[in-house]
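Asker: Attaching a single structure in C-alpha cells format; questions to follow.
What follows is calculated from the coordinates using simple rules that are stated; it is not laboratory data. Since this is a predicted model, take the numbers as computed values, not measurements. Heads up, the Cβs are rebuilt from the backbone with ideal geometry, glycines too, and the neighbour counts pull from every protein chain shown.
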Amino acid sequence: MDATASHAAPEIAQSAPERSLPRRILDTFIAPGELFASFGERPPWLGVLAISTLVMVGVIALLPIELFVAQMREAMRSRPDAPPMDVEAMGGFARASGIAGAGFAQLVGTVMAAGVLTLIFRMLMGGAGSFRTHLAVASHASLIPALGALLTLPLQLARADLDTQLSLSLLAPWLDSDGFAYKLLQGLNVFTLWYLALLALGAAVVGRRTSWGTAAATLFGIYLVILVATAAVTS
C-alpha cells in the first residue's frame, strides 16, 4: 500500500482519463494510492461495488445448507428451554437470509462507510473529498472484505464452521469462544484491518488535508472502541 509521505496527500487528478473497471480492480490491490489520486469530481463507483456485492452473495450461496442446520442445532442445544422447531427448515431460512443479508450489508455498509468518511474527513477535518469521492473510495475498498470472504470459504468448509474467520483468534484456539478475549481477537480480522487501512489511504488522498497515518489512526481508533464495547457486551 502506497501511503502518503507528507502531511498533505497528493492532489486528485482532474483531467486524467477514467480507468477501466478491470484496471481499477487491479489497482485497488497493487496501487491504491495512484487509483485514488486519479479520481476526479465524479469518480465511478457502482460497477466495482456491484462486483464486490456479487462476490459476497456468491460466497454465502456456496455454503452448504448442512452448515446452517448444524448451527441451528447448536443454538437449540444451548437453549434447552426454547420451544421445539424444525431445524432443517430453520437452517434453510438462515441460509436464504444470509444470502440476502450479505448483499444488503455490502451495499448499505459501503454507503455508510462513505458517510462516515465524509463526516470525519470533510465536515470535521475540512478535507476536500466529497461524498461522491468517498463513496468511490469505499466502493473500491469493499473488494477487500469480498476477497476475504472468498479466501475464508475453503477454511469454513474444511472446519464445518460458519464462524471461522481469518483473524487473530485462530492463534488462540484454547480461548473460550464466548469470552471477551476471544471475541476481541475474532474482530481483528486480517481483511478488516486491510479494509480500514485502505479507507484511510483513500480519505487522505481525496481529502488532501491529512496524512495517511492520521487518517489510519482515526479509523483504527474508532474501530477498536467499537470492537472492545461489542466484545464486552456479548461475552
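Asker: Within segment 14-104, report the GluC sites (Glu not before Pro) that DSSP leaves as loop and that have at most 11 other Cβ atoms within 10 Å.
Answerer: E41
Asker: Next up: Between helix 143-159 and the chain, what is the angle of the helix's C-alpha long axis to the longest principal axis, kept within 0 to 90° and rounded to the nearest 10?
Answerer: Approximately 20 degrees, to the nearest 10.
Asker: Now for a different question. Between the DSSP loop rule and a limit of at most 12 other Cβ atoms within 10 Å, which chymotrypsin sites (Phe, Trp or Tyr not before Pro) in segment 124-203 are left?
Answerer: Answer by residue number: W174.
Asker: Please report how far the C-alpha centroid of segment 58-82 lies from that of segment 130-173, rounded to the nearest whole angstrom.
Answerer: Taking the Cα centre of segment 130-173 as reference, the centre of segment 58-82 is 20 Å away.
Asker: What do you get when you divide the Cα radius of gyration of the chain by 2.2 N^0.38 Å, with N the number of residues?
Answerer: My calculation over the Cα atoms of the chain gives 1.12.
Asker: Right, here's the next one. For the chain, set up a Gaussian network in which alpha carbons nearer than 10 Å are linked by springs, and say which option among G58, G213, G221 fluctuates the most.
Answerer: Evaluated over the chain, the most mobile residue of the options is G221.
Asker: So, one more: What is the pair-distance distribution P(r) of segment 146-235, computed from all Cα-Cα distances in 5 Å bins starting at 0, with each bin given as a whole percent?
Answerer: Histogramming segment 146-235 at 5 Å steps yields 2, 14, 19, 19, 18, 13, 8, 4, 2, 0 percent.
Asker: Let me ask something else about it. Using DSSP to define loop residues, name the trypsin sites (Lys or Arg not before Pro) in segment 115-171 whose beta-carbon has at most 10 other beta-carbon atoms within 10 Å.
Answerer: In loop regions of segment 115-171 (DSSP not H, G, I, E or B), there are no sparsely surrounded trypsin sites (Lys or Arg not before Pro).
Asker: As I understand it, the value is the acute angle between the Cα axis of helix 65-77 and the longest principal axis of the Cα atoms of the chain; what does it come to in degrees, rounded to 10?
Answerer: 60 degrees
Asker: Which one, F180, V205, L219, is farthest towards the positive end of the dipole of segment 118-235 when Lys and Arg carry +1 and Asp and Glu -1 on their Cβ?
Answerer: V205
Asker: Rounded to the nearest 500, what is the chain's calculated 222 nm mean residue ellipticity when only DSSP H runs of at least 4 contribute -39500 (n - 2.57) each, over all residues?
Answerer: When only DSSP H runs of four or more count, the value is -21500 deg cm²/dmol.
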